[in-house]
Amino acid sequence: MVFDGKSLIIGEIGGPFGSLVDACVCSMHLSEKAHFRVEMTPEEIDLTIELVELDFGGFIHQWDAAKKFDMAVKRKELGKQLFQENLLTEAANRFSKAFRVLCSIPISVETPLDCIDSVNVSDIQLLKETLYNNMSACYFRHQNFDSVIPLCQKVLALNPCNVKALFKIGVAYEHERDFEKAHQALSTVLEIEPNNKAAADHLETVKVQLRQVNFRLNSMMKKMISGTIGK
């Protein structure tokens, strides 16, 4: 009912079923009619697709920067919608696709420009920052902190004052028991946003953990020194 007689844009259908429809259509020839059975736990879905018309938008390397930027923005917005629906894997996939499209815009390091094909380079960099942040949010909600940390580091390389990235990386370091780095990141959040209660709560927990670690370390050092003197 959703797709019957409708047009669809490959890569822009939301949800797990949309990704499967994408894969089915991409395997077809024009004017082909094909039967598919797709697995959607806990059931299988049978569908018949007829590819009546195909509008090919050209190869991505042929696009100008403006078209690539617009495509990246569309993928980002779809990712946000999927994230709000708690479809985290699909959301991360859309953010990742948006980032790959954006990275295909050539930016010269030796002779940087302010604008490429009417797109401001600053807007491209800001979108990269947002996409890194959004991808890290997907992993953060999954509590996959090993993936959160490098993504937030990329955000902070572009913008050291990004509060969302600082908070996420601080909490991730806390869970990885790297309390020194967690303390530094969460303290920076509170320097920027003194009323950030979530950061304050996590920072208090980190301080308690640091005191315990330091106490154990000092106790070990005293025992080592005492043992050395005793000998």
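Site pair Asn195 and Gln125 shows an inter-label distance of 3.1 nm when each label is modelled 7 Å from Cα along Cα→Cβ.
State to the nearest 20 debye the size of the charge dipole of the chain about its Cα centre, where the only charges are +1 on K and R beta carbons and -1 on D and E beta carbons. Don't skip to the answer; put the middle values down first.
Details: 26 positive and 30 negative charges, 320 e Å.
Roughly 1540 debye, rounded to the nearest 20.
With the simple spin-label model, which puts each label point 7 Å out from Cα in the Cβ direction, the Ser104 to Ser7 separation comes to 2.0 nm. Can you find, among Val38, Val155, Thr48, the residue farthest towards the positive end of the dipole of the chain? Put +1 on the C-beta of Lys and Arg, -1 on that of Asp and Glu. It is Val155, whose Cα lies furthest towards the positive end. Pairs of lysines in the range 30-167 whose Cα atoms sit within less than 18 Å of one another amount to 20, provided the residues are eight or more positions apart or on different chains. Run the numbers on the chain and let me know its relative contact order in percent, using alpha-carbon pairs under 8 Å that are six or more apart. Computed value for the chain: 10 percent relative contact order.
In the chain, taking the dipole from charged Cβ atoms about the Cα centre, the farthest positive-side position among Gln62, Thr130, Tyr173 is held by Tyr173.
Measuring gaps between exposed loop sites in the chain (chymotrypsin sites (Phe, Trp or Tyr not before Pro); DSSP loop; at most 12 other Cβ atoms within 10 Å), the longest gap, sites not included, is 60-231. Comparing Tyr139, Gly18, Gln84 along the charge dipole axis of the range 1-141, the residue lying farthest to the positive side is Tyr139, per the Cβ-charge model.
Per residue, how large is the accessible surface of the range 168-207? Use a 1.4 angstrom probe and give square angstrom.
On the way: 2170 Å² over 40 residues.
Per-residue accessible area for the range 168-207 comes out at 54 Å².
Among Thr130, Thr48, Thr205, the largest mean-square fluctuation in a Gaussian network model of the chain, built with springs joining Cα atoms closer than 10 Å, belongs to Thr48.
Taking the Cα centre of the range 106-222 as reference, the dipole from Cβ charges on Lys and Arg (+1) and Asp and Glu (-1) amounts to some 700 debye.
Nonpolar atom fraction for the chain, defined as the carbon and sulfur part of the 1.4 Å probe accessible area, stands at 54 percent. The label-point distance for Arg141 and Met28, in a model that sets each label 7 Å from Cα toward Cβ, rounds to 3.1 nm. Counting only other residues whose beta carbon sits under 9 Å from that of Ala137, what net charge do I get with K and R as +1, D and E as -1? Net of charged neighbours comes to +3.
Placing unit charges on C-beta atoms (Lys and Arg positive, Asp and Glu negative, everything else neutral), compute the dipole magnitude of the range 1-88 about its Cα centre in debye, rounded to 20. The partial results should precede the final answer.
Working: 9 positive and 15 negative charges, 89 e Å.
Using Cβ point charges on Lys, Arg, Asp and Glu, the range 1-88 gives about 420 debye.
Between the alpha-carbon centers of the range 89-138 and the range 139-186, tell me the distance in whole angstrom. Cα centroid to Cα centroid, the span is 20 Å.
The values are calculated or read from the model by the stated rules, or taken from the named source; none is laboratory data. Nothing here was measured: the structure is a model prediction, and the numbers come from that model. Methodologically, a virtual Cβ is constructed for each residue, glycine included, from the backbone with ideal geometry; neighbour enumeration extends over all protein chains shown. Quick note on the areas: whole protein, heavy atoms, side chains included, nothing else; ligands and nucleic acids left out. Shrake-Rupley method; radii C 1.70, N 1.55, O 1.52, S 1.80 Å.
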